[in-house]
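S.K.: Below: one structure in structure tokens.
None of the figures in this text is laboratory data; all of them are computed from the coordinates on show. Everything quoted here is computed from the prediction, not taken from an experiment. Ideal geometry is used to build each Cβ from the backbone, glycine not excepted, and the neighbour counts take in all protein chains shown.
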Amino acid sequence: MGRGHALTAIRNIGIVAHIDAGKTTTTERILFYTGKVHKMGEVHDGTAVMDWMAQEQERGITITSAATTCFWKKHQINIIDTPGHVDFTAEVERALRVLDGAVGVFCAVGGVQPQSETVWRQANKYRVPRMAFVNKMDRVGASFDRVVAEMRAKLQAPAVAIQIPWGAEEHFRGVIDLVRMRAWAFDAASLGAQMSEQDIPGELQAAAQQARETLLEAVAETDEGLLNAYLDEGDLSVEALQTGIRQATVSGRMVPVLCGTSLRNQGIQPLLDAVVAFLPSPLDVPPIKGRHPKTEEELERATGDFEPLAALAFKVATDPFVGKLIFMRVYSGTLKKGMNVWNPRTQKRERLQRLIRLHANQREEIDTLYSGEIGAIAGIKGVGTGDTLCAEQKPIALERIVFPEPVVSMAIEPKTQADKEKMQAALADLADEDPTFRVGQNVETGQTIIQGMGELHLEILRDRMLREFKVQANAGRPMVAYRETITAAAGADFAFDRELGGKRHFALVGVALEKNERGAGNSVDFHVSSDLIPHDFRPVVEEGIRDGLSTGVLGSFPLVDVRVSVVNGQWHPVDSSEIAFRSAASMSLREAAQAARPALLEPIMALEIMTPEEHLGDVLGDLNMRRGQVKDVAQRDGMRVIEASVPLAELFGYATTLRSLTRGRAGYAMEPTRFEVVPENLSQALRNR
């Protein structure tokens, strides 16, 4: 049996947004109208299909990026619903890496929120074409025009309305389609399933005409042929306008904006029509780039079933029924049940036992995943997030996903001996699933230290240990997850030459260290011939270097943003071993790091505070005492809005302080933005503690 849908009829999209914008509700409505579910789930009553983890249904937030496949008007739509809470930003990162397009959901009242800006930046990084859906148009204070203006101002997005609302707040009735210049009214009695097409009401004619002129001008500016037609005729045909919107959206020169209210089921069918009409198919996006694992030659893989295989593992999950699940995006070629594939990272062949198409937590076993599709593999162990699966004879290593560094850590210890035995396995499984969750040990106390993106992140992981792995554990108070880096270039050679178990083990490794850009992460490159370090030993040399990077030289904090070049080596055909090369690599890294003027880094948070005018001075004074840097103080909805950068170390317990300063009338949101060097006086104190 061949593929069900042509590549031109496939859409790989993500639903992304700030927390509480309504993206999971929007996804639930999409599943209902595409016939994927027969009863609508609600976030507020814990029945949302896409929020399938127990913690998600209890808390009403999306934690993991659930994947599903649905169908609309002869098109296959693969949807990934992503979390909006800042602690789960890694889920958004890995989803955007494998998507062809995205729908950004915005609250018509709250507008562009801090997490909206984070998600938008992530989508910019991967050049993901987008459209926007302004949700909750029935809420008091809803303003479609304000949200579009905020998208342009705050996100620098080329946002252009292709609909305008018909009414607002309790009078929201439907939408005006600016492409076809028709009105759509949603029937409340049929839960919005029935839509009636009507003439545009007289009172909206002028506003619709003005909005359409804005749309026509925006589209015409993106294409010379359309511009000439518009200048000659003063208008564009419906077909020409649709083609122009699609081309501009796929190229990133336009973000079409639609509106509705998902909870009342209004605006979903036109949104699906727009996804099919304007977001790209796998054929519309550029060929995926990668490198040859051995020669480092840059390679491309075009989308197509008969191209050499290139697929990316973008998520690992533990399923109670099928075990370890690897979520895959197939860029070129096909994955077939029973076939052998090559993993360039591990240099190992893997046999595909089971292929699965996903619907949130339900699984459908299939024989083939085709080019352009998203699905999962079960039954293989040696594949992790960011790994490439390819043809062994035509290998390619796709660019790995770069995840942010954790910012919060806490000590954790099992309650009983039985828990101790299960805890390490549970932590290993959770770290396998989540690249922003790290597990380590305090070398002085022997305590297990876990690290994550925030207190909620670690709380949910502890909760999962109890529910899924039946492990009870005590946790210490949250602490800042500091990092180390280098501020100068340095190098070192280390020769490992020891007798172990009656056998000599010998290897020499030389490394040169340089600063990487802040936030770029670590990289390891080999600039040494195979005469000095044979290819067979290179994976363990890299393992040794990464072991060395995991524990720094100042306070045992991980080293970050370091470019490591392996520049020297020596081996013996009889005495050299993997253990010798791993040890030599780790020790040469440590010696070079000590000579490279190491420095301590701390996470800096972007803080947005909304406070009444009369408490502004107290709040600003408190921020100053917390080493905060105020970037802007603005006015919004009768409140003062402060934007500031503050070290995370100064923000534990901030909610209580802010409540007492403002008598409970202020609110705040924060997210990690970067790491900065800790001032010397504080750095010394941290190293001595």
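S.K.: If you line up the long axis of helix 616-625 against the longest principal axis of the chain, both from Cα atoms, how many degrees apart are they, to the nearest 10?
M.R.: Helix 616-625 sits at roughly 10 degrees to that axis.
S.K.: With respect to the cross-link table entries Lys23/Lys422; Lys315/Lys348; Lys336/Lys470; Lys23/Lys336; Lys73/Lys289, which display a Cα-Cα separation exceeding 30 Å?
M.R.: Check vs 30 Å cut-off fails for Lys23/Lys422; Lys336/Lys470; Lys23/Lys336; Lys73/Lys289.
S.K.: Any idea how far apart Gln393 and Ala153 come out in nm if each label point goes 7 Å out from Cα toward Cβ?
M.R.: Simple spin-label model gives 6.0 nm for this pair.
S.K.: Can I ask one more? Based on the Cβ-Cβ distance from Arg349 to Glu217, what FRET efficiency comes out when R0 is 51 Å, to the nearest 0.05? Can you show the working numbers first?
M.R.: Details: r = 56 Å, r/R0 = 1.10.
E between Arg349 and Glu217, to the nearest 0.05, is 0.35.
S.K.: Please give the contour-minus-distance gain from Arg182 to Val140: 0.36 nm per residue of separation, less the Cα-Cα distance, rounded to one decimal in nm.
M.R.: Length difference between fully extended and current span is 12.5 nm.
S.K.: In nm², what is the average projected area of the convex hull enclosing the Cα atoms of region 408-474?
M.R.: On the way: hull surface 16.6 nm².
So the mean shadow area of the Cα hull is 4.1 nm².
S.K.: Pairs of alpha-carbon atoms within less than 8 angstrom and 6+ residues apart define the contacts here; what relative contact order does region 386-510 have, in percent?
M.R.: 26 percent
S.K.: Which semi-axes, in whole Å and largest first, does the equivalent ellipsoid of region 484-596 have when worked out from the alpha carbon gyration tensor as the square roots of 5 times its eigenvalues? Could you put the intermediate results ahead of the total?
M.R.: Working: eigenvalues 121, 41, 23 Å².
The equivalent ellipsoid of region 484-596 has semi-axes of 25, 14, 11 Å.
S.K.: Here is a further query. If you count, for each residue, the other Cβ atoms within 10 Å and average over each peptide, how do 656-663, 629-636, 613-620, 367-374 line up from highest to lowest?
M.R.: 367-374, 613-620, 656-663, 629-636
S.K.: So, one more: Looking at the chain only, what percent of DSSP beta bridges run antiparallel? Nearest 5 please.
M.R.: Counting DSSP beta bridges with both partners in the chain, the antiparallel share is about 80 percent.
S.K.: Also, I was wondering about something else. List the relative contact order of region 484-596 as a percent without decimals, with contacts defined as Cα pairs under 8 Å and 6+ residues apart.
M.R.: 44 percent
S.K.: Next question, about the same structure. Check Val160: other-chain or 5+ apart residues with amide H under 5 Å from its amide H, H built from backbone geometry?
M.R.: Val255, Val257
S.K.: Calculate I(q)/I(0) for region 329-403 by the Debye formula, one identical point scatterer on each C-alpha and no solvent, and give its log10 at q = 0.28 Å⁻¹ to two decimals.
M.R.: Each listed q maps to, in turn, -1.54.
S.K.: Could you state the number of Å between the C-alpha centres of region 95-117 and region 418-481?
M.R.: 30 Å
S.K.: On to the next question. If I take R0 = 30 Å and measure r between the Cβ atoms of Glu169 and Asp632 in this structure, what FRET efficiency does the formula 1/(1 + (r/R0)^6) give, to the nearest 0.05?
M.R.: Efficiency at R0 = 30 Å is approximately 0.50.
S.K.: Now, a different point. Relative contact order for the chain: what is it in percent, counting Cα pairs under 8 Å that are at least 6 residues apart?
M.R.: Over the chain, the number comes to 9 percent.
S.K.: Return Ile356, Ile80, Ile380, Ile326 ranked ascending by Cβ neighbour count within 10 Å, so the fewest neighbours appear first. Mind dumping the intermediate values first?
M.R.: Working: Ile356 22, Ile80 30, Ile380 19, Ile326 26.
Fewest-to-most ranking of Ile356, Ile80, Ile380, Ile326: Ile380, Ile356, Ile326, Ile80.
S.K.: Above 19 angstrom, tally the Cα pairs of region 547-625 and express them as a % of all pairs, no decimals.
M.R.: 59 percent
S.K.: If neighbour count is taken as other Cβ atoms inside 10 Å, put Cys390, Cys70, Cys107, Cys259 in order from fewest to most.
M.R.: Listing Cys390, Cys70, Cys107, Cys259 from fewest to most nearby Cβ atoms yields Cys70, Cys107, Cys390, Cys259.
S.K.: For Leu682 and Ala418, FRET efficiency with R0 = 41 Å and r from the beta-carbon atoms, rounded to 0.05?
M.R.: Result of the calculation: an efficiency of 0.50.
S.K.: Taking the convex hull of the alpha carbon atoms in region 379-519, what volume per residue do you get, in Å³?
M.R.: Output value, Cα hull per residue: 230 Å³.
S.K.: Sort Ser116, Ser251 by Cβ crowding within 10 Å, fewest neighbours at the top.
M.R.: Least to most surrounded, the residues fall as Ser251, Ser116.
S.K.: Additional query: Given the -39500 (n - 2.57) contribution per DSSP H run of 4+ residues, what per-residue ellipticity at 222 nm results for the chain, rounded to the nearest 500 deg cm²/dmol?
M.R.: After summing the helix terms and dividing by the residues of the chain, the value is -8500 deg cm²/dmol.
S.K.: For a label point 7 angstrom out from the Cα of Glu459 toward its Cβ, which stretches of region 469-489 have the backbone nitrogen within less than 17 Å?
M.R.: Of the residues in region 469-489, 473-480 have backbone N under 17 Å from the label point off Glu459.
S.K.: Now for a separate question. Over the Cα atoms of the chain, what is the Rg over Rh ratio if Rh follows Kirkwood?
M.R.: With Rh from the inverse mean 1/r over Cα pairs, Rg/Rh is 0.99.
S.K.: So for region 288-398, taking the charge dipole from beta-carbon charges (+1 Lys/Arg, -1 Asp/Glu), which of Thr346, Ile366, Pro293 sits furthest toward the positive end?
M.R.: Highest projection toward the positive end goes to Thr346.
S.K.: Using the Cα atoms of region 602-688, I'd like the radius of gyration and the largest Cα-Cα distance, Dmax, both in angstrom.
M.R.: Reported Rg and Dmax, both Å: 13.6, 47.
S.K.: Against the longest alpha carbon principal axis of the chain, how many degrees, from 0 to 90 and to the nearest 10, is the axis of helix 417-433 turned?
M.R.: Once rounded, the angle reads 60 degrees.
S.K.: Between Arg665 and Gln441, what length in nm is gained on full extension when 0.36 nm per residue of separation is reduced by their alpha carbon distance? Walk me through the numbers on the way to the answer.
M.R.: Details: separation 224, 0.36 × 224 = 80.64 nm, distance 4.13 nm.
Contour length minus the Cα-Cα distance gives 76.5 nm.
S.K.: On to the next question. Collect residues whose amide H, placed 1.01 Å from N in the peptide plane, falls under 5 Å from the amide H of Gly14; neighbours closer than 5 in sequence don't count.
M.R.: Ile80, Gly101, Ala102, Val103
S.K.: Now a separate question. If the cut-off is a Cα-Cα distance under 18 Å, which aspartates and glutamates reach Lys420, setting aside same-chain residues fewer than 8 apart in sequence?
M.R.: Counting by Cα, and skipping residues close in sequence, Lys420 has these aspartates and glutamates nearby: Asp429, Asp463, Glu468.
S.K.: Full extension from Arg498 to Asn474: what is 0.36 nm times the residue separation minus their Cα-Cα distance, to one decimal in nm?
M.R.: Once the chain is fully extended between Arg498 and Asn474, it gains 4.5 nm.
S.K.: Can you tell me the Rg and the Dmax, both Å, for the Cα atoms in region 187-330?
M.R.: For region 187-330, the Cα-based Rg and Dmax read 21.9, 68 Å.
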